[in-house]
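Encoded as structure tokens, the structure appears first; notes follow it.
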Amino acid sequence: MASVSGAASSLGNTSLRGYGGFGSGIDRDSIIEQMTAGTQSKITNQKNKMTSLGWKQEAFQAVSDKMLALQDNYFSFASGTNLKYPSMFAKNQITAMGDSDITKFVSATGSSNMLDYLSILGVKQLASSSTLQSASKGTSSIHTGITQDSLTNPVYKSSLLQGRQLRFGTYSGDQYQSAGIFTFPSSYKDKDGDGKDITVSIDYTIDLDAAVEVDGVTMTGGEKLAMQLNKALSQSGIKSGEDSISDVMEFVYADGKMQLQTKAGKTTNLVINSSSSALTALGYNPQNADGTDKTVSDGISLSEFNENQKQLNDTYVNRQTMTQYLTGKKLTISFGGQTKEIELVKSGDTFADLDDLKDIIQGRLNQAFGTDNIKVAGGTRYGADGNPVIGTDGNPVIDPLSFELGSNASSNQTLTVTSDNAEIRNVLGIQKGASNKLNLEGSIRDNIDKLIPDGPDAEAKRAQFLNSLETDGLVINGVKISGVTADTSIQGMIDKINTNKDVGVKASYLSSTNQFVLISSETGSGREIQLEGASADIFGAVKDAAGNYTDGNFEMGKNAQVLVSYGNGISTMIESSSNTFDLEGLRVTVSQEFGNVTQDASGVWNSDRSKAVTFSAKADVDGVTETVKKFIEEYNEMIKEINTQVTTRPDKSYGPLTEEQKDEMSDKSIENWEKKAKQGLLYNDATMRALSLDMQGVLTNLMANGANYKDLEEMGITISDDYLDGGTITFDEAKFKAAMTSDPEKVSNVFTGGGDIKKGLASIIEDTLTPYATKYANRNGNSYGRLIEEAGSEKIPLSIMNNQIYKDLKEMQSVLDTLNARLASEQDRYISQFTTMETLINQMNSQASYLAQFQA
């Protein structure tokens, strides 16, 4: 007989651990354990019963889960491997037959009784979408802020703050404890007007005293910088005690200084480490009035930081001339399919004026992209007579430098000049993605002179357009595109159009031709593209009184026209709004015109019959074989599980282990013990016995419904020779493939029913399983099946807390709770009694000691 060492200690059911017996010398705890042994034994037995019942539930679920999985995979309408569907076995692999140069343009799926008679004689035209192509948009030079004056005057600013750090921490005596480092970032995360995540760049070179508008609020540039820094601070993750640092302190720009102030009602012991690299740029003065360094061994408190600041305008940026700033800086220039980084001014370059610098840059562009493909314009302006143009101040007019297409470039080529560095773009006065054509990264407002090019009343038209966009929005096909304003980027506008399913068009911009194109989302004739107000201006499609487009090019979509023969010598022209259409059960797709289809004067359609396409069909032998093979494998696994549970006898010498027993065993020993203890829990169970008998009768039932066992043998499906295995099915893959190849309809009849077979194998198995386990209670008298009612299943959430074993376990838990309460009550009573006894004994000992002194 199997056994484990040691009897289960009754202490396993109690927390009894006391210190009684000091006066009496009695082992109180051991005696109480013996006195409560009856209740403790009942608790142990109750726990073992609950464990065994839980294991029994798992055994039921091991069977029912396999049954439900089999139904999901092979009998469900939602499954792509549903063996109840005749289409699974049908000749549904369609091949287009004919000239290989033509058949590659025709594909088909499905099945049709007319397959042998159908042919496609030709495709006169394909279905197409309606398209609206705008007129070419305007072009312009890419202007910069490189002027004659900027070469010598230090007016350009670069940040001394971005990338620097403030180190926060606390001091305890001489010990510094870091709380976190705030690095002044280039950007922070925020939400746009539609609630979408965006990245906002921080302008560290902003004019501190200039008035700026933020979300309709006017403030100074310094206040905007403080606001942006506070948003970045809130995303830093630095803590001040239990609070985020941004809940305790904030940047405040006041009186020309950037201060760090504690928020109202908050306190903090955080200090700034004196080694922080951002202190100087923030204007902190580390020296006393006499020029000596301040003592900051214990860090700089916020009050000390605020009291010792210079004006921020004197410290936050480095001011340079354009020459100084440009030295070593690079611009990213794209032209003719090439993108290169061009260093405008190199260390050691010498030039007397803007014209000299212009020549230097022109030389570098010629070397990078070829002579006169990109022109550097600007510098001294010359008149028609070849002499410099004199301005009103009596000096020659010197224009800022700009970039444009050179004399060797074609007019439709695209030139872009940009930089990933926002500071460089700001200094040079160029936008990100700046182009001689539309700048997709620039706003509609910034592109207005190209969207509505120069011409009669151009300025009035631009103003009218912006007003229309502001008041009416962007409307296409009667649908207003939400979120499009004058400040939306061109690419943002395109994206919003393309993600709006109701508008019915897709928008794109053709850089090569500098045009917008709108394409209807669906093909076919009658797909109008209606534009109103601002949308008509942007997409360049204005209709006159007759309804004709005066600007832009519109082409109505077309229906597909396919000439079909049904084998009766008569040709029929089929029209479809799509290039995919239904043809007598087939789903046909065409992708090219062919057949030289024409119509004579009498209305008869003619075509080149040598280009005709016919169809052949065969069953998906390999696919069906693989599906049936997997089905039988899963079916047999289910049968083996059922048979094992029903036929395995339990070993009474194994049962649930107590915690004390587990403490004396290795993990592997526990695993082996419980594996043995779980065996045979469903032995001779009435429900499982009935299920096993029903499953063994599946093929017999199939025979009763008209199937021939010889036919099953020919297709490789037979009952196992071992009568003890519970009714597994053997599968001969080679025979099954041969049957599917020669007669797929016979195979289909066996599985789905048909011909002489009233009910197929798939339905018989499903009907056999349903009374025991199903996800569809309405098919089984509003019951999920006997196994589910007994033990539930996680595959059917409603059954988890609505099954017999769950209810039994709940009642058993109630009994266990009562026993535990009884044990606690018994222990408390005995402890109280022992305590009283100990008190009396101590009193008696004291009296005895007192009397003993008189005897002495």
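Being among the aliphatic types (A, V, I, L, M), in a loop (DSSP other than H, G, I, E, B) and more than 30 Å from the chain's Cα centre (by Cα) is the filter here; which residues of region 158-211 pass it?
Leu160, Leu161, Ile206, Leu208, Ala210 - these are the residues of region 158-211 that are among the aliphatic types (A, V, I, L, M), in a loop (DSSP other than H, G, I, E, B) and more than 30 Å from the chain's Cα centre (by Cα).
Give the residues of region 561-597 that are in a strand (DSSP E or B), closer than 30 Å to Thr741 by Cα and not small (Gly, Ala, Ser), sorted by residue number.
Residues satisfying the conditions are Val564, Thr580, Phe581, Asp582, Leu583, Leu586, Arg587, Val588, Thr589, Val590.
Looking only at region 473-510, count how many residues are touching a Lys or Arg at 6+ places or on another chain (Cβ under 8 Å), outside any loop (DSSP other than H, G, I, E, B) and touching a residue at least 60 places away in the same chain (Cβ under 8 Å).
Qualifying residue count for the region: 1.
Within region 328-340, can you find the residues that are over 38 Å from the mean Cα position of the chain (by Cα) and touching a residue at least 24 places away in the same chain (Cβ under 8 Å)?
Answer for region 328-340, where residues must be over 38 Å from the mean Cα position of the chain (by Cα) and touching a residue at least 24 places away in the same chain (Cβ under 8 Å): just Lys329.
For region 752-774, give me each residue that is farther than 27 Å from Ile796 by Cβ and in a loop (DSSP other than H, G, I, E, B).
Gly753, Gly755, Asp756, Lys758
Go through region 616-649 residue by residue and tally those that are buried (at least 17 other Cβ atoms within 10 Å of the Cβ) and not in a helix (DSSP H, G or I).
Selection size over region 616-649: 3.
Restricting to region 209-248, and then to whatever is over 20 Å from Asp190 (Cα atoms) and aliphatic (A, V, I, L, M), can you tell me which residue is surrounded by the most Cβ atoms within 10 Å (Cβ to Cβ)?
The selected residue is Val248.
Listed here are the residues, each with its yes/no results for (1) surrounded by 19 or more Cβ atoms within 10 Å (Cβ to Cβ); (2) within 30 Å of Lys104 (Cα to Cα); (3) among the β-branched types (Val, Ile, Thr).
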{"site": "Asp495", "(1), (2), (3)": "no, no, no"}
{"site": "Gly504", "(1), (2), (3)": "yes, no, no"}
{"site": "Ile529", "(1), (2), (3)": "yes, no, yes"}
{"site": "Ser577", "(1), (2), (3)": "no, yes, no"}
{"site": "Val590", "(1), (2), (3)": "yes, yes, yes"}
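Given the options Glu671, Glu641, name the one that is over 30 Å from Lys746 (Cβ atoms), within 42 Å of the chain's Cα centre (by Cα) and free of Cβ contacts under 8 Å to residues at least 40 places away in the same chain.
Glu671
Exactly one condition in (1) closer than 30 Å to Met801 by Cα; (2) buried (at least 17 other Cβ atoms within 10 Å of the Cβ); (3) free of Cβ contacts under 8 Å to residues at least 60 places away in the same chain is not met by Glu33; state its number.
The failed condition is (1).
Given the criteria loosely packed, with under 14 Cβ neighbours inside 10 Å and either aromatic (Phe, Trp, Tyr) or farther than 25 Å from Asn439 by Cβ (or both), does Asp349 qualify?
No: the conditions fail for Asp349.
Under 7 Å by Cβ, and 6 or more places apart or on different chains, what pairs join a residue from region 306-327 that is touching a residue at least 40 places away in the same chain (Cβ under 8 Å) with one that is of a type in the set (A, V, I, L, M) and part of a helix (DSSP H, G or I)?
Listed by first residue and then by second, the contacts come to Thr321/Leu151; Met322/Leu151; Thr323/Leu151; Tyr325/Val427.
Name the pairs: first residue in region 247-267 and in the same structural domain as Ile300 (by TED's automatic domain parsing) and under 16 Å from Glu307 (Cβ atoms), second residue acidic (Asp, Glu) and surrounded by 14 or more Cβ atoms within 10 Å (Cβ to Cβ), Cβ to Cβ under 8 Å, at least 6 apart or on different chains?
Pairs found: Leu260/Glu250; Gln261/Glu250.
Considering region 391-417 alone, what residues qualify as being in a strand (DSSP E or B) and of a type in the set (A, V, I, L, M, F, W, C)?
Ile398, Leu401, Phe403, Leu405, Leu415, Val417
Residue under question is Ser130, and the condition is that it be in contact (Cβ under 8 Å) with a residue 24 or more places away in the chain, in a strand (DSSP E or B), buried (at least 20 other Cβ atoms within 10 Å of the Cβ) and hydroxyl-bearing (Ser, Thr, Tyr); does it hold?
Judged against the criteria, Ser130 is a match.
Within region 227-250, which residues are among the charged types (D, E, K, R) and touching a strand residue (DSSP E or B) at 6+ places or on another chain (Cβ under 7 Å)?
Once the filter is applied, which keeps residues that are among the charged types (D, E, K, R) and touching a strand residue (DSSP E or B) at 6+ places or on another chain (Cβ under 7 Å), region 227-250 yields Lys231, Lys239, Glu250.
Answer yes or no: is there a residue in region 598-610 that is touching a strand residue (DSSP E or B) at 6+ places or on another chain (Cβ under 6 Å), under 29 Å from Val106 (Cα atoms), hydrophobic (A, V, I, L, M, F, W, C) and part of a strand (DSSP E or B).
For region 598-610, residues touching a strand residue (DSSP E or B) at 6+ places or on another chain (Cβ under 6 Å), under 29 Å from Val106 (Cα atoms), hydrophobic (A, V, I, L, M, F, W, C) and part of a strand (DSSP E or B): present.
When you scan region 28-122 for helices (runs of 4 or more DSSP H) that lie fully inside it, which ones turn up with 1 or more residues that are within 38 Å of the chain's Cα centre (by Cα)?
Qualifying helices (runs of 4 or more DSSP H): 37-74.
So that you can scan it fast, the table gives a plain yes or no per residue for (1) at pLDDT below 85; (2) of a type outside the set (D, E, K, R); (3) over 30 Å from Gly336 (Cβ atoms):
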| site | (1), (2), (3) |
| --- | --- |
| Asn514 | no, yes, no |
| Gly526 | no, yes, yes |
| Leu531 | no, yes, yes |
| Ser535 | no, yes, yes |
| Lys543 | yes, no, yes |
| Gly552 | yes, yes, no |
| Glu555 | no, no, yes |
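The values are calculated or read from the model by the stated rules, or taken from the named source; none is laboratory data. Because the structure is predicted, anything quoted here is derived from the model rather than measured. Positions of Cβ are generated from backbone atoms using ideal geometry, with glycine treated the same way; all protein chains shown enter the neighbour counts.
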